[in-house]
1. Mind telling me which of 145, 74, 26 comes out most flexible in a GNM of the chain, alpha-carbon contacts under 10 Å?
2. Under a 1.4 Å probe, what is the accessible area of the chain per residue, stated in Å²?
3. Quick one: dipole size for region 99-161, taken about the Cα centre, charges +1 on Lys/Arg Cβ and -1 on Asp/Glu Cβ, in debye to the nearest 20.
4. Classify region 10-88 as rounded, prolate or oblate from the Cα gyration tensor: take a ≥ b ≥ c as the square roots of its eigenvalues, call it rounded if a/c is under 1.5, otherwise prolate when a/b beats b/c and oblate if not.
5. From the helices alone, meaning DSSP H stretches of at least four residues, give me the mean residue ellipticity at 222 nm for the chain, per-run term -39500 (n - 2.57), in deg cm²/dmol to the nearest 500.
6. Would you work out which of 126, 147, 49 lies farthest towards the positive end of the dipole of region 2-161, given +1 charges on the beta-carbon of Lys and Arg and -1 on that of Asp and Glu, about the Cα centre?
7. So, in nm, how far is label residue 6 from label residue 81 when the simple model puts each one 7 Å beyond its Cα toward the Cβ?
8. Listed highest first by mean packing, meaning other Cβ atoms within 10 Å per residue, what order do 56-66, 34-44, 134-144, 100-110 come in?
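The values are calculated or read from the model by the stated rules, or taken from the named source; none is laboratory data. In this text the structure is predicted, and so the values were computed from the model without any measurement. Here the Cβ positions follow ideal geometry from the backbone for every residue, glycine too, while neighbour counts run over all protein chains shown. Heads up: the accessible areas ignore ligands, DNA and RNA and are worked out on the full protein's heavy atoms, side chains in. Shrake-Rupley method; radii C 1.70, N 1.55, O 1.52, S 1.80 Å.
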Amino acid sequence: GMPSRRLLVVGDGPERLRVEAVARDATNVTLLGQVSRERLRELIQGAQAFVFAAEEDFGIAPVEALACGVPVVAYAKGGAQETVQGDPALPECTGVYFKTQTVDGIRGGVDSLEALRAAGRITAVACRARAERFSVDAFRAGLRAEVSRVAGHLAQTVVSS
């Protein structure tokens with residue numbers, strides 16, 4: 001365990017029973033089950049880190065954590081690899097990845113994150129900036145640019161044929 005740290009587990013899913021079995025002996029783990037988005041945001045804002053152990057195509061939760069200035073410890077599969085900047089060599093590093101969905105895997109990720117934060121390699125400012133890249137406005141601007149690029153290409157094709 002990591003007795004010096006408190007872990008709040010949010011959500012419900014196929015792993016719930018397995019998580020409950022692991023957590024039963026741990027005094028520092030609290031299972032909250034499903035919570036509202038407002039409550040989730042409150043919990044994230046009060047957190048040192050957000051652990052995202054799921055494999056999703058595009059998980060919005062890590063982006064929401066980053067928007068709150070909270071770094072992410074993410075499972076190294078799925079969409080989190082796009083949203084979380086996990087390269088500690090980069091100044092815009094906003095989290096770390098772990099390779100196995102196990103207690104040891106997550107613990108290693110949390111330890112790495114704490115070391116990076118202690119070294120000043122991860123900041124709330126960088127986290128918020130990273131989240132901005134996935135905002136609705138950024139998406140709209142990107143989509144608009146892509147549509148005009150395609151439209152321009154089509155116009156050229158029509159003219160040249």
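1. Taking springs between Cα atoms under 10 Å, the residue moving most is 145.
2. On the way: 10230 Å² over 161 residues.
Value for the chain: 64 Å² per residue.
3. Values: 10 positive and 6 negative charges, 21 e Å.
About 100 debye.
4. Numbers: a/c = 1.71, a/b = 1.38, b/c = 1.24.
Here region 10-88 falls in the prolate category.
5. -15000 deg cm²/dmol
6. Of the listed residues, the answer is 126.
7. 3.5
8. Working: 56-66: 19.5, 34-44: 13.3, 134-144: 10.8, 100-110: 15.5.
Going from most to least packed, we get 56-66, 100-110, 34-44, 134-144.
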